[in-house]
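The values are calculated or read from the model by the stated rules, or taken from the named source; none is laboratory data. Source: prediction; values computed, not measured. Virtual Cβ from ideal backbone geometry, glycine too; neighbours counted across all protein chains shown. Heads up: the accessible areas ignore ligands, DNA and RNA and are worked out on the full protein's heavy atoms, side chains in. Shrake-Rupley method; radii C 1.70, N 1.55, O 1.52, S 1.80 Å.
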Amino acid sequence: MRQILMIMAAMLLTCCSKESDVKAQPAQGTDDMGKTLVVYYSYTGNCKDIVTELTKQITADVLEIEPAEKGLKYEANNYALGTQLLNAIKANPDDADSYPAIDPVNVSLDGYKNVIIVTPLWWSQMAAIMQTYLFNNKMQMAGKTVAMIVSSYSSGISGVVNDANRLIPDVTWAGDALWINNSNRSNSSALIEKWLPTQNFQTSGNLEQKLYLTIGGVTKTATLVNNTSTEALVEQLKNGDITYEAHDYGNFEKVGPLGYTFPQNNEQINTVPGDLILYQGSNLCIYYDTNSWNFTRIGKLDNMTQADIKTWVNAGGGNVTVTLSIKDPTTKVSTAKADVGENVTYTLQGTLAQAGTKGFVIENGKKIFR
Ligand SMILES: Cc1cc2nc3c(=O)[nH]c(=O)nc-3n(C[C@H](O)[C@H](O)[C@H](O)COP(=O)(O)O)c2cc1C
(Lines give C-alpha, C1' and ligand atoms only; values in the text may rest on other atoms or scores of the structure.)
Protein backbone atom coordinates (compact mmCIF):
# COMPACT_ATOMS: atom_id res chain seq x y z
CA MET A 1 0.00 0.00 0.00
CA ARG A 2 2.76 2.38 1.01
CA GLN A 3 4.50 1.66 -2.27
CA ILE A 4 1.33 2.50 -4.26
CA LEU A 5 0.98 5.81 -2.41
CA MET A 6 4.56 6.69 -3.19
CA ILE A 7 4.12 5.84 -6.86
CA MET A 8 0.96 7.97 -7.01
CA ALA A 9 2.80 10.85 -5.39
CA ALA A 10 5.58 10.42 -7.92
CA MET A 11 3.10 10.46 -10.81
CA LEU A 12 1.44 13.57 -9.42
CA LEU A 13 4.75 15.39 -9.18
CA THR A 14 5.76 14.26 -12.66
CA CYS A 15 2.54 15.39 -14.32
CA CYS A 16 2.85 18.81 -12.67
CA SER A 17 6.03 19.63 -14.54
CA LYS A 18 5.82 23.33 -15.43
CA GLU A 19 7.71 26.05 -17.14
CA SER A 20 10.29 27.73 -14.94
CA ASP A 21 9.49 31.36 -14.64
CA VAL A 22 11.02 34.43 -13.10
CA LYS A 23 9.65 35.44 -9.75
CA ALA A 24 10.27 39.10 -9.07
CA GLN A 25 11.43 39.88 -5.58
CA PRO A 26 10.29 43.06 -3.87
CA ALA A 27 12.82 45.86 -4.09
CA GLN A 28 15.18 45.71 -1.14
CA GLY A 29 18.17 47.82 -0.29
CA THR A 30 19.53 50.77 -2.19
CA ASP A 31 22.31 49.19 -4.19
CA ASP A 32 23.04 50.44 -7.68
CA MET A 33 23.37 47.01 -9.23
CA GLY A 34 22.08 46.80 -12.75
CA LYS A 35 19.15 44.48 -13.36
CA THR A 36 20.11 41.19 -11.79
CA LEU A 37 18.85 37.63 -12.14
CA VAL A 38 19.45 35.03 -9.47
CA VAL A 39 19.36 31.54 -11.01
CA TYR A 40 19.29 28.66 -8.57
CA TYR A 41 18.74 24.98 -8.22
CA SER A 42 18.12 23.39 -4.88
CA TYR A 43 17.77 19.67 -4.25
CA THR A 44 17.45 19.61 -0.49
CA GLY A 45 16.56 23.24 0.24
CA ASN A 46 19.89 24.78 1.28
CA CYS A 47 20.35 26.84 -1.88
CA LYS A 48 16.74 27.95 -1.66
CA ASP A 49 17.46 29.33 1.84
CA ILE A 50 20.58 31.06 0.52
CA VAL A 51 18.51 32.74 -2.21
CA THR A 52 16.03 33.90 0.42
CA GLU A 53 18.87 35.55 2.35
CA LEU A 54 20.45 36.97 -0.81
CA THR A 55 17.26 38.62 -2.01
CA LYS A 56 16.82 40.30 1.35
CA GLN A 57 20.03 42.15 0.53
CA ILE A 58 19.75 42.90 -3.18
CA THR A 59 17.03 43.65 -5.67
CA ALA A 60 16.87 40.80 -8.16
CA ASP A 61 14.55 38.57 -10.13
CA VAL A 62 14.73 34.92 -9.17
CA LEU A 63 14.62 31.93 -11.48
CA GLU A 64 14.43 28.42 -10.04
CA ILE A 65 15.68 25.60 -12.24
CA GLU A 66 13.84 22.34 -11.80
CA PRO A 67 14.50 18.88 -13.21
CA ALA A 68 11.93 17.80 -15.77
CA GLU A 69 11.67 14.46 -14.08
CA LYS A 70 10.42 14.74 -10.54
CA GLY A 71 9.18 12.40 -7.90
CA LEU A 72 11.11 9.56 -6.36
CA LYS A 73 14.06 9.96 -8.63
CA TYR A 74 14.69 13.33 -7.09
CA GLU A 75 13.86 12.41 -3.53
CA ALA A 76 16.19 14.29 -1.22
CA ASN A 77 19.69 12.90 -0.84
CA ASN A 78 19.53 10.43 -3.71
CA TYR A 79 23.29 10.42 -3.92
CA ALA A 80 23.40 7.57 -6.42
CA LEU A 81 21.41 9.67 -8.87
CA GLY A 82 23.94 12.46 -8.58
CA THR A 83 26.78 10.16 -9.50
CA GLN A 84 24.87 8.76 -12.46
CA LEU A 85 23.99 12.19 -13.87
CA LEU A 86 27.48 13.59 -13.41
CA ASN A 87 29.08 10.55 -15.02
CA ALA A 88 26.88 11.01 -18.08
CA ILE A 89 28.03 14.62 -18.41
CA LYS A 90 31.67 13.72 -17.84
CA ALA A 91 31.51 11.08 -20.58
CA ASN A 92 30.42 13.59 -23.19
CA PRO A 93 30.32 17.17 -21.93
CA ASP A 94 29.76 18.72 -25.37
CA ASP A 95 26.62 16.74 -26.13
CA ALA A 96 23.31 18.24 -25.04
CA ASP A 97 21.91 14.75 -24.52
CA SER A 98 24.40 14.12 -21.72
CA TYR A 99 22.66 16.66 -19.53
CA PRO A 100 19.56 15.82 -17.47
CA ALA A 101 16.38 17.43 -18.82
CA ILE A 102 15.08 20.46 -16.98
CA ASP A 103 11.72 22.21 -17.08
CA PRO A 104 11.59 24.61 -20.02
CA VAL A 105 12.93 28.01 -19.03
CA ASN A 106 10.99 30.77 -20.68
CA VAL A 107 13.22 33.58 -19.48
CA SER A 108 15.36 35.70 -21.75
CA LEU A 109 18.54 37.07 -20.24
CA ASP A 110 18.27 40.20 -22.39
CA GLY A 111 18.10 43.16 -20.10
CA TYR A 112 19.89 41.46 -17.21
CA LYS A 113 23.31 42.89 -16.56
CA ASN A 114 24.24 40.53 -13.75
CA VAL A 115 23.47 36.89 -13.12
CA ILE A 116 24.08 35.25 -9.75
CA ILE A 117 24.21 31.45 -9.88
CA VAL A 118 23.35 29.65 -6.66
CA THR A 119 24.07 25.94 -6.91
CA PRO A 120 24.68 22.87 -4.77
CA LEU A 121 27.92 20.94 -5.06
CA TRP A 122 27.55 17.28 -6.02
CA TRP A 123 30.57 15.03 -5.74
CA SER A 124 32.85 18.08 -5.89
CA GLN A 125 31.18 19.25 -9.10
CA MET A 126 28.34 21.55 -10.03
CA ALA A 127 24.96 19.85 -9.50
CA ALA A 128 23.96 18.30 -12.82
CA ILE A 129 20.65 20.18 -13.07
CA MET A 130 22.38 23.56 -12.90
CA GLN A 131 24.91 22.34 -15.45
CA THR A 132 22.03 21.74 -17.87
CA TYR A 133 20.79 25.31 -17.48
CA LEU A 134 24.26 26.78 -18.10
CA PHE A 135 24.94 24.43 -21.03
CA ASN A 136 21.62 25.44 -22.66
CA ASN A 137 22.19 29.14 -22.07
CA LYS A 138 25.88 29.51 -22.87
CA MET A 139 25.15 32.02 -25.64
CA GLN A 140 22.69 34.06 -23.60
CA MET A 141 25.13 34.22 -20.70
CA ALA A 142 27.99 35.51 -22.87
CA GLY A 143 28.90 39.05 -21.92
CA LYS A 144 26.99 38.99 -18.62
CA THR A 145 28.64 39.74 -15.34
CA VAL A 146 28.29 36.57 -13.33
CA ALA A 147 28.74 35.75 -9.65
CA MET A 148 28.29 32.38 -7.97
CA ILE A 149 27.39 30.99 -4.59
CA VAL A 150 28.07 27.30 -4.02
CA SER A 151 26.60 25.25 -1.22
CA SER A 152 28.29 22.04 -0.10
CA TYR A 153 28.44 19.97 3.05
CA SER A 154 32.19 20.33 3.46
CA SER A 155 33.94 19.87 0.09
CA GLY A 156 35.80 22.80 -1.44
CA ILE A 157 34.26 24.39 -4.53
CA SER A 158 37.10 24.54 -7.08
CA GLY A 159 35.50 21.73 -9.14
CA VAL A 160 32.27 23.74 -9.38
CA VAL A 161 34.20 26.82 -10.46
CA ASN A 162 35.89 24.71 -13.17
CA ASP A 163 32.50 23.46 -14.36
CA ALA A 164 31.21 27.03 -14.56
CA ASN A 165 34.24 28.11 -16.57
CA ARG A 166 33.74 25.21 -18.97
CA LEU A 167 29.99 25.76 -19.38
CA ILE A 168 29.94 29.56 -19.67
CA PRO A 169 33.41 30.60 -20.84
CA ASP A 170 32.36 33.98 -22.21
CA VAL A 171 31.13 35.68 -19.08
CA THR A 172 32.85 38.25 -16.91
CA TRP A 173 33.20 36.98 -13.38
CA ALA A 174 32.18 39.56 -10.80
CA GLY A 175 34.68 38.13 -8.34
CA ASP A 176 35.40 34.98 -6.35
CA ALA A 177 32.55 32.58 -5.73
CA LEU A 178 31.12 32.39 -2.22
CA TRP A 179 31.31 29.00 -0.53
CA ILE A 180 28.66 28.21 2.02
CA ASN A 181 29.02 24.89 3.81
CA ASN A 182 27.56 23.05 6.73
CA SER A 183 29.73 24.75 9.31
CA ASN A 184 29.06 28.34 8.22
CA ARG A 185 25.52 27.90 6.86
CA SER A 186 23.84 29.37 9.95
CA ASN A 187 25.87 32.51 9.27
CA SER A 188 24.91 32.78 5.59
CA SER A 189 23.25 36.18 5.93
CA ALA A 190 26.47 37.76 7.26
CA LEU A 191 28.60 35.85 4.72
CA ILE A 192 26.52 37.17 1.85
CA GLU A 193 26.61 40.69 3.27
CA LYS A 194 30.40 40.55 3.41
CA TRP A 195 30.71 38.93 -0.03
CA LEU A 196 28.44 41.22 -2.06
CA PRO A 197 30.73 44.28 -1.91
CA THR A 198 33.65 42.15 -3.14
CA GLN A 199 31.77 41.51 -6.38
CA ASN A 200 32.25 43.85 -9.27
CA PHE A 201 28.66 43.88 -10.48
CA GLN A 202 27.56 46.00 -13.39
CA THR A 203 25.75 49.07 -12.17
CA SER A 204 22.47 50.37 -13.45
CA GLY A 205 24.28 53.19 -15.21
CA ASN A 206 21.77 55.60 -13.76
CA LEU A 207 24.06 57.01 -11.14
CA GLU A 208 24.26 60.76 -11.38
CA GLN A 209 27.88 61.63 -11.99
CA LYS A 210 28.89 64.62 -9.92
CA LEU A 211 31.52 67.12 -10.90
CA TYR A 212 33.19 69.18 -8.18
CA LEU A 213 34.18 72.71 -9.20
CA THR A 214 36.36 74.80 -6.92
CA ILE A 215 36.86 78.55 -7.35
CA GLY A 216 38.59 80.64 -4.69
CA GLY A 217 38.56 77.72 -2.25
CA VAL A 218 34.79 77.31 -2.53
CA THR A 219 33.61 74.00 -3.98
CA LYS A 220 30.26 73.55 -5.70
CA THR A 221 28.81 70.42 -7.27
CA ALA A 222 27.29 69.96 -10.69
CA THR A 223 25.38 67.02 -12.12
CA LEU A 224 26.77 65.86 -15.43
CA VAL A 225 24.60 64.87 -18.36
CA ASN A 226 25.24 61.54 -20.03
CA ASN A 227 27.05 61.87 -23.36
CA THR A 228 30.39 60.98 -24.91
CA SER A 229 31.79 64.38 -23.94
CA THR A 230 31.15 63.89 -20.22
CA GLU A 231 32.32 60.28 -20.44
CA ALA A 232 35.64 61.49 -21.86
CA LEU A 233 35.87 64.29 -19.32
CA VAL A 234 35.27 61.87 -16.44
CA GLU A 235 37.86 59.47 -17.87
CA GLN A 236 40.40 62.31 -17.98
CA LEU A 237 39.52 63.37 -14.43
CA LYS A 238 40.19 59.84 -13.21
CA ASN A 239 43.84 60.66 -13.95
CA GLY A 240 43.70 63.81 -11.84
CA ASP A 241 42.00 67.15 -11.41
CA ILE A 242 41.94 69.73 -14.19
CA THR A 243 42.76 73.31 -13.25
CA TYR A 244 42.25 76.11 -15.75
CA GLU A 245 42.04 79.87 -15.92
CA ALA A 246 38.62 81.28 -16.85
CA HIS A 247 37.82 84.78 -18.06
CA ASP A 248 34.60 86.68 -18.28
CA TYR A 249 32.86 86.75 -21.63
CA GLY A 250 29.74 88.46 -22.98
CA ASN A 251 28.35 89.27 -19.55
CA PHE A 252 26.90 85.76 -19.42
CA GLU A 253 29.73 83.26 -18.80
CA LYS A 254 33.11 82.48 -17.32
CA VAL A 255 35.07 80.51 -19.89
CA GLY A 256 38.54 79.04 -20.19
CA PRO A 257 40.66 76.42 -22.00
CA LEU A 258 40.78 73.01 -20.28
CA GLY A 259 44.04 71.98 -21.91
CA TYR A 260 42.35 68.89 -23.35
CA THR A 261 40.03 68.31 -26.30
CA PHE A 262 36.91 66.25 -25.74
CA PRO A 263 34.31 64.87 -28.16
CA GLN A 264 31.61 67.38 -29.09
CA ASN A 265 27.86 66.74 -28.99
CA ASN A 266 26.84 70.11 -30.31
CA GLU A 267 23.25 71.25 -30.38
CA GLN A 268 21.47 74.60 -30.28
CA ILE A 269 21.15 75.49 -26.60
CA ASN A 270 19.46 78.41 -24.88
CA THR A 271 21.54 78.63 -21.74
CA VAL A 272 20.31 79.44 -18.27
CA PRO A 273 22.40 80.33 -15.20
CA GLY A 274 24.19 77.26 -13.88
CA ASP A 275 24.64 75.54 -17.25
CA LEU A 276 28.06 74.00 -17.88
CA ILE A 277 28.87 74.02 -21.57
CA LEU A 278 31.76 72.66 -23.62
CA TYR A 279 32.71 75.09 -26.36
CA GLN A 280 34.68 73.85 -29.38
CA GLY A 281 35.52 70.69 -27.45
CA SER A 282 38.18 72.31 -25.31
CA ASN A 283 36.71 75.26 -23.36
CA LEU A 284 34.44 75.01 -20.36
CA CYS A 285 31.85 77.76 -19.87
CA ILE A 286 30.12 78.32 -16.56
CA TYR A 287 26.96 80.23 -17.37
CA TYR A 288 25.60 82.92 -15.06
CA ASP A 289 23.22 84.38 -17.64
CA THR A 290 21.48 83.47 -20.89
CA ASN A 291 22.95 82.88 -24.31
CA SER A 292 22.04 80.88 -27.40
CA TRP A 293 24.63 78.93 -29.37
CA ASN A 294 25.47 75.59 -30.94
CA PHE A 295 27.65 73.78 -28.40
CA THR A 296 27.80 70.82 -26.03
CA ARG A 297 25.91 70.46 -22.79
CA ILE A 298 28.07 69.11 -19.96
CA GLY A 299 25.90 69.53 -16.90
CA LYS A 300 24.37 71.94 -14.46
CA LEU A 301 25.42 73.41 -11.13
CA ASP A 302 23.37 72.01 -8.27
CA ASN A 303 21.05 74.26 -6.28
CA MET A 304 22.63 77.64 -6.99
CA THR A 305 20.78 80.89 -7.60
CA GLN A 306 21.99 83.24 -10.30
CA ALA A 307 23.23 85.62 -7.58
CA ASP A 308 25.20 82.78 -5.92
CA ILE A 309 26.80 81.85 -9.23
CA LYS A 310 27.71 85.43 -10.06
CA THR A 311 29.45 85.93 -6.74
CA TRP A 312 31.24 82.60 -6.95
CA VAL A 313 32.61 83.08 -10.48
CA ASN A 314 33.36 86.77 -9.97
CA ALA A 315 30.96 87.68 -12.78
CA GLY A 316 32.00 90.80 -14.65
CA GLY A 317 35.31 90.77 -12.78
CA GLY A 318 38.80 89.40 -13.35
CA ASN A 319 39.99 85.90 -14.16
CA VAL A 320 39.39 83.03 -11.78
CA THR A 321 41.14 79.69 -11.39
CA VAL A 322 38.74 76.77 -11.68
CA THR A 323 39.57 73.25 -10.51
CA LEU A 324 37.47 70.35 -11.74
CA SER A 325 37.39 67.07 -9.88
CA ILE A 326 35.27 63.94 -9.76
CA LYS A 327 36.31 63.32 -6.16
CA ASP A 328 34.64 64.93 -3.21
CA PRO A 329 37.24 67.46 -2.04
CA THR A 330 36.51 66.51 1.57
CA THR A 331 38.14 63.17 0.78
CA LYS A 332 40.98 64.87 -1.02
CA VAL A 333 41.65 67.03 2.01
CA SER A 334 42.34 63.93 4.03
CA THR A 335 45.07 62.91 1.59
CA ALA A 336 46.50 66.40 1.34
CA LYS A 337 46.68 66.63 5.10
CA ALA A 338 49.94 64.73 5.31
CA ASP A 339 51.63 67.49 3.31
CA VAL A 340 50.74 70.27 5.70
CA GLY A 341 51.25 68.60 9.02
CA GLU A 342 49.04 67.52 11.88
CA ASN A 343 46.22 69.38 13.54
CA VAL A 344 45.14 71.24 10.44
CA THR A 345 41.39 71.65 10.24
CA TYR A 346 39.38 72.29 7.11
CA THR A 347 35.83 73.35 6.42
CA LEU A 348 33.71 70.92 4.40
CA GLN A 349 34.40 73.19 1.42
CA GLY A 350 38.09 72.38 1.68
CA THR A 351 39.29 75.73 3.00
CA LEU A 352 41.32 76.11 6.19
CA ALA A 353 38.96 76.42 9.15
CA GLN A 354 39.37 79.41 11.46
CA ALA A 355 40.22 78.54 15.07
CA GLY A 356 37.00 77.87 16.95
CA THR A 357 34.93 77.02 13.85
CA LYS A 358 31.79 75.21 14.99
CA GLY A 359 29.87 72.47 13.18
CA PHE A 360 31.23 69.85 10.78
CA VAL A 361 34.92 70.15 9.95
CA ILE A 362 37.62 67.87 8.57
CA GLU A 363 40.28 67.20 11.18
CA ASN A 364 43.16 64.79 10.60
CA GLY A 365 41.32 63.49 7.59
CA LYS A 366 38.11 62.72 9.47
CA LYS A 367 34.77 64.48 9.30
CA ILE A 368 33.88 65.51 12.86
CA PHE A 369 31.29 67.72 14.53
CA ARG A 370 32.47 70.21 17.11
C1 LIG B 1 24.17 13.86 -5.13
C2 LIG B 1 24.84 14.66 -4.05
C3 LIG B 1 26.21 14.70 -3.96
C4 LIG B 1 26.84 15.46 -2.96
N5 LIG B 1 28.20 15.50 -2.91
C6 LIG B 1 28.81 16.23 -1.95
C7 LIG B 1 30.24 16.26 -1.86
O8 LIG B 1 30.96 15.64 -2.62
N9 LIG B 1 30.80 17.04 -0.89
C10 LIG B 1 30.05 17.76 -0.01
O11 LIG B 1 30.62 18.45 0.83
N12 LIG B 1 28.69 17.77 -0.10
C13 LIG B 1 28.06 17.01 -1.03
N14 LIG B 1 26.69 16.99 -1.10
C15 LIG B 1 25.92 17.82 -0.16
C16 LIG B 1 25.40 19.08 -0.81
O17 LIG B 1 26.40 19.72 -1.55
C18 LIG B 1 24.89 20.07 0.25
O19 LIG B 1 24.04 19.42 1.13
C20 LIG B 1 24.21 21.25 -0.36
O21 LIG B 1 24.05 22.22 0.63
C22 LIG B 1 22.88 20.89 -0.97
O23 LIG B 1 22.22 22.03 -1.48
P24 LIG B 1 20.64 21.97 -1.72
O25 LIG B 1 20.01 21.68 -0.38
O26 LIG B 1 20.25 23.31 -2.20
O27 LIG B 1 20.37 20.88 -2.70
C28 LIG B 1 26.05 16.20 -2.07
C29 LIG B 1 24.67 16.15 -2.15
C30 LIG B 1 24.07 15.39 -3.13
C31 LIG B 1 22.59 15.35 -3.20
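For residues that are more than 16 Å from THR219 (Cα to Cα) and open to solvent by less than 30 Å² (accessible area, probe 1.4 Å), scanning just region 288-314, find the one that is nearest to the chain's Cα centre (by Cα).
My answer is ILE298.
Within region 69-83, does at least one residue satisfy the condition of being within 10 Å of the ligand (Cβ to nearest atom), among the aliphatic types (A, V, I, L, M) and open to solvent by 30 Å² or more (accessible area, probe 1.4 Å)?
There is at least one residue in region 69-83 that is within 10 Å of the ligand (Cβ to nearest atom), among the aliphatic types (A, V, I, L, M) and open to solvent by 30 Å² or more (accessible area, probe 1.4 Å).
Kindly list, by first and then second residue, each pair from a residue in region 90-111 that is surrounded by fewer than 11 Cβ atoms within 10 Å (Cβ to Cβ) to a residue that is part of a loop (DSSP other than H, G, I, E, B), limited to pairs with Cβ atoms under 7 Å and residues at least 6 apart or on different chains.
Pairs that qualify, where the first residue is surrounded by fewer than 11 Cβ atoms within 10 Å (Cβ to Cβ) and the partner is part of a loop (DSSP other than H, G, I, E, B), are ASN106/GLU19; ASN106/ASP21; GLY111/LYS35.
Being exposed (fewer than 15 other Cβ atoms within 10 Å of the Cβ), acidic (Asp, Glu) and under 24 Å from SER188 (Cβ atoms) is the filter here, so list the residues in region 127-177 that pass it.
Hit for region 127-177 is ASP176, nothing else.
Exactly one condition in (1) open to solvent by less than 60 Å² (accessible area, probe 1.4 Å); (2) touching a strand residue (DSSP E or B) at 6+ places or on another chain (Cβ under 9 Å); (3) more than 12 Å from the ligand (Cβ to nearest atom) is false for LEU86; which is it?
Checking LEU86 against (1) open to solvent by less than 60 Å² (accessible area, probe 1.4 Å); (2) touching a strand residue (DSSP E or B) at 6+ places or on another chain (Cβ under 9 Å); (3) more than 12 Å from the ligand (Cβ to nearest atom), the one that fails is (3).
Are any residues in region 224-247 open to solvent by less than 40 Å² (accessible area, probe 1.4 Å) and closer than 18 Å to THR323 by Cβ, and if so, which ones? It would help to see each step written out before you state the result.
Step one: list which residues in region 224-247 are open to solvent by less than 40 Å² (accessible area, probe 1.4 Å), which gives 224, 227, 229-230, 232-234, 237, 240, 242, 244, 246.
Selection gives LEU224, THR230, LEU233, VAL234, LEU237, GLY240, ILE242, TYR244, ALA246.
Just for strands (runs of 3 or more DSSP E) wholly inside region 224-328: which have at least 2 residues that are among the hydroxyl-bearing types (Ser, Thr, Tyr)?
Here the list reads 242-249, 292-301, 320-325.
In region 265-280, which residue that is at pLDDT 95 or above and open to solvent by 40 Å² or more (accessible area, probe 1.4 Å) is farthest from ILE309 (Cα to Cα)?
GLN280
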